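Take a look at the structure below.
Computed from the coordinates by the stated procedures, all read-outs in this text should not be read as laboratory data. Model, not experiment: these values are computed from the prediction. Using ideal geometry, Cβ is built from the backbone for each residue, glycine included, and neighbour counts are taken over all protein chains shown.
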Amino acid sequence: MNSGDVSVYRRTELARPVASRSVKPRADGATGRLAAGTASTLLAMPEPPSGVQRDYPLSRLTTIRTGGPAELFARVSSVAELERLMAWAAAEAVQVGVVGSGSNLLVADAGVRGLVVKLDGELSKIELDGTRIRCGGGARLPAVAARAAQAGLSGIEFGVNIPGSVGGAVRMNANAYGGELGRVLEWVDIVSADGTQRRHPHELGFAYRRSNLGWGEIVARASFALEPAASADVKATLAQMRSQRKAAQPSGIKTFGSTFKNPADPRAEGRTAGQLLEAAGCKGLRIGGAGFSLKHANFVENHGHASTTEVVAVMTEGRRRVKERFGVELEPEVQVLGPVELPDDWR
Ligand SMILES: Cc1cc2nc3c(=O)[nH]c(=O)nc-3n(C[C@H](O)[C@H](O)[C@H](O)COP(=O)(O)OP(=O)(O)OC[C@H]3O[C@@H](n4cnc5c(N)ncnc54)[C@H](O)[C@@H]3O)c2cc1C
């Protein structure tokens, strides 16, 4: 395992640091980011705007329920409020991370330095506009799918089983059952320290479970362009997708869904990450309070009081076994927030 220094996180795709350190710009004009191993240069956190909370426990905002607190935390309910907060953070060189529904997120046990925001209020609303759905980045994707079905609109049915927010779905290019976000997404409004910018799907760099959104770029609003359809038919499709999912995946457990991406490596011979993990004997494998699910080997489950460290240990062992047995290096799908210690060779 690596130590939890910042340079480690920059090396892996999985471990992009959200809030590595919160420091004011240095006198020499360098950026406020702290280089690894220079803890002595850490400065006190500046006084945050009102409404920002300190030491907010993040585990309750994730579906795996692990990890420590955010140094600063704010629920943000409008674009204007978000812009103000991002401008303050940029001026004070405080890094900003965002939590959606936390359904694909591992938070460091030590917590997260800087500011973590969650979209709420206006930024979690869903509105109908003809055959379009306009919503906040904090709106839940299953709720968007249900609202579309109610209104007799088709195209976003695949979202019914993805327990994420619209912003998280855009960031992760979420999809299911052959449905694709990019096909129905019309635009997103991204708020960063530079203000708000509208981007279209071709500008989002969508690939398998990824986009080109960087840290400090928050999907505040989105518009979906859908097709008219019979409401009863769309509702029936949702019901069918729900029962299909119920049969295939464990429900009612603390998990972040698929742990690893399905590999493109020819040595996998077309098998999914779950099939490889199962064949490598990982089903039910447990370390501390974390283990691979007995129902679906690609799901890691928190059995009660697991730590993020234990979750990573289970993932590491599963990945090691698959590599040893099949020569295939599994790529994690889950994202991290804060200094999560990860093996060197994770990409
Ligand atoms: C039981 C289960 C089943 C799942 N099934 C599927 C599936 O079928 N298909 C699929 O694709 N995924 C699936 N997932 C994974 C997960 O639901 C998706 O990746 C989802 O898109 C994550 O959204 P979120 O809001 O929970 O993001 P989070 O987990 O909160 O965050 C994930 C990443 O997105 C970033 N992010 C969150 N909100 C924003 C925002 N507003 N702007 C910019 N960045 C943001 C975070 O900083 C982080 O980097 C499943 C998860 C679970 C637990």
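Odds and ends about this structure:
- The chain: relative contact order in percent, alpha carbon pairs under 8 Å with at least 6 residues between: 20
- Shape of segment 131-265 from the C-alpha gyration tensor: oblate (a/c of 1.5 or more and a/b not above b/c, with a ≥ b ≥ c the square roots of its eigenvalues).
- Under-5 Å amide H pairs with W187, H placed in peptide plane, nonlocal only: S223
- Exposure proxy ranking, count of Cβ atoms within 10 Å, fewest first, for K246, K254, K118, K295: K246, K295, K254, K118
- Projected over all directions and averaged, the alpha-carbon convex hull of segment 218-347 occupies 10.9 nm².
- Point-to-point label distance, Y177-E203, nm (Cα→Cβ direction, 7 Å offset): 3.2
- Remark: Y56, Y177, Y208 ranked as Y208, Y177, Y56, counting other beta-carbon atoms within 10 Å and listing the fewest first.
- Note on segment 266-337: the C-alpha convex hull projects to 4.7 nm² when averaged across all orientations.
- Sites K125 and E329, calculated FRET efficiency, Cβ-Cβ separation with R0 56 Å, nearest 0.05: 0.85
- Length released on extending from A230 to I253, taking residue separation times 0.36 nm less the Cα-Cα span: 4.9 nm
- Considering only Cα atoms, the convex hull volume of the chain works out to 133 Å³ per residue.
- As a rough footprinting exposure proxy, the listed residues S124, S78, S101 were ranked by other beta carbons within 10 Å of their own, and the order from fewest upward is S78, S124, S101.
- Shown for the chain are the DSSP H helices of 15 Å or more along their axis, judged by Cα atoms, with a mean Kyte-Doolittle hydropathy of at least -0.5: 79-91.
- For segment 266-337, the relative contact order is 29 percent, taking Cα pairs closer than 8 Å that sit 6 or more residues apart in sequence and dividing their mean separation by the residue count.
- Net charge over other residues, Cβ less than 10 angstrom from the Cβ of I126 (K, R count +1; D, E count -1): +3
- Given their separation in residues at 0.36 nm each and the Cα-Cα distance between them, D194 and A44 gain 51.5 nm when the chain is fully extended.
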